[in-house]
Amino acid sequence: MENLFTVKEAAKLLTIKESTVYRWLFDRKIRPVRIGSRSVRIPESEILRIRGEAGIGA
């Protein structure tokens, strides 16, 4: 099973603001996993994809 991260954790891993993660979710630049009707988690594969696109080291 793949690791899932909260918006706060994802922002820290990507060294960006939480508001940026929320904006990317809204703009569908990040594919989240829905937990219930309102909660979302960011899959590790999405973190790695974004880091690769941005050229951010692992």
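The values are calculated or read from the model by the stated rules, or taken from the named source; none is laboratory data. Bear in mind that the values here come from a model prediction, so they are computed numbers and not experimental data. Positions of Cβ are backbone-derived with ideal geometry, glycine not excepted, and every protein chain shown enters the neighbour counts.
Data for the structure
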item	result
Members of segment 27-58 that are of a type in the set (Asp, Glu), more than 18 Å from residue 8 (Cβ to Cβ) and modelled with pLDDT of 95 or more	27
Among residues of segment 28-58, those that are hydroxyl-bearing (Ser, Thr, Tyr) and surrounded by 10 or more Cβ atoms within 10 Å (Cβ to Cβ), counted	2
Total residues in segment 1-26, condition under 20 Å from residue 55 (Cβ atoms) and part of a loop (DSSP other than H, G, I, E, B)	3
